[in-house]
Amino acid sequence: MISARPKIAELVYQLYGRSLHPELFDIHQSRTVERGGYKATVQITSAGHLVTWQYRGLVLTEVAAASHHPLPQRRRLMSYRLKGERSDRMEIRAGVGYEMKFSLEPADDEKFAAYQRELTLQATRQGMLQKFEPTGRFELGALSYVNVDSRDKVLCVQAFHTFPDDRAVLKIQSWYRLGIAP
């Protein structure tokens, strides 16, 4: 298990058509949502987050983790280095779709501190917030904030992860959709 947050250059985003063993991750928080026939478990990990979405025998797992993290190759549907901006979508099977977008934003000290304050404030209203201990280089520790918006036909997960040592903010948004037209 990885106990310290990896450097931003080491991060990857991956989507699997299967579940992943939770013991592979250092999980800090977890929330489960059941609605409209689907079930989703959203977890904040030391490197980012893990989302496991299930619907009628179909399992999709989204993970933001370190590239050297020991994750399987089997049934991996997407894999991207987390740098710059990217979006992708796919129809998994008839009526089930997945879409994601991410952006990695560098921030100067003032902008970074503003992100940290805003995420903390937002978490007092909704979502999950995990504060990590500072690494020693900077007095600010990393934050992970995840907001889950569940509707009968759509689950939207918004994740924000800060990296104080790199002065960067990672934003990932994903949608799991039911009833999409072929």
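The values are calculated or read from the model by the stated rules, or taken from the named source; none is laboratory data. The structure presented is a predicted model; accordingly, all values stated were derived computationally and were not measured. Ideal geometry is used to build each Cβ from the backbone, glycine not excepted, and the neighbour counts take in all protein chains shown.
Here is a list: GLU99, GLU62. Which entry is of a type in the set (D, E, K, R) and surrounded by fewer than 20 Cβ atoms within 10 Å (Cβ to Cβ)? Before the answer, list the steps.
Details: GLU62 fails: surrounded by fewer than 20 Cβ atoms within 10 Å (Cβ to Cβ).
Among GLU99, GLU62, only GLU99 is of a type in the set (D, E, K, R) and surrounded by fewer than 20 Cβ atoms within 10 Å (Cβ to Cβ).
Looking only at residues that are surrounded by fewer than 20 Cβ atoms within 10 Å (Cβ to Cβ) and among the hydrophobic types (A, V, I, L, M, F, W, C) in the range 33-59, which one is farthest from SER174 (Cα to Cα)? Talk me through it step by step, then tell me what you get.
Going residue by residue through the range 33-59, those that are surrounded by fewer than 20 Cβ atoms within 10 Å (Cβ to Cβ) are 33-37, 39, 41, 54-59.
Next, only the ones that are among the hydrophobic types (A, V, I, L, M, F, W, C) stay: 33, 58-59.
Numbers: VAL33: 15, LEU58: 17, VAL59: 15 Å.
Restricting to residues being surrounded by fewer than 20 Cβ atoms within 10 Å (Cβ to Cβ) and among the hydrophobic types (A, V, I, L, M, F, W, C), the top hit is LEU58.
In this structure, does THR52 turn out to be in contact with a helix residue (DSSP H, G or I) (Cβ under 9 Å, 6 or more places away or on another chain) and at pLDDT 95 or above?
Values: in contact with a helix residue (DSSP H, G or I) (Cβ under 9 Å, 6 or more places away or on another chain): yes; at pLDDT 95 or above: yes.
Yes: the conditions hold for THR52.
Determine whether the range 114-128 contains at least one residue that is in contact (Cβ under 8 Å) with a residue 12 or more places away in the chain, in a strand (DSSP E or B) and surrounded by 15 or more Cβ atoms within 10 Å (Cβ to Cβ).
yes
State whether one or more residues within the range 68-79 are modelled with pLDDT under 95, within 19 Å of LEU170 (Cα to Cα) and not in a strand (DSSP E or B).
yes
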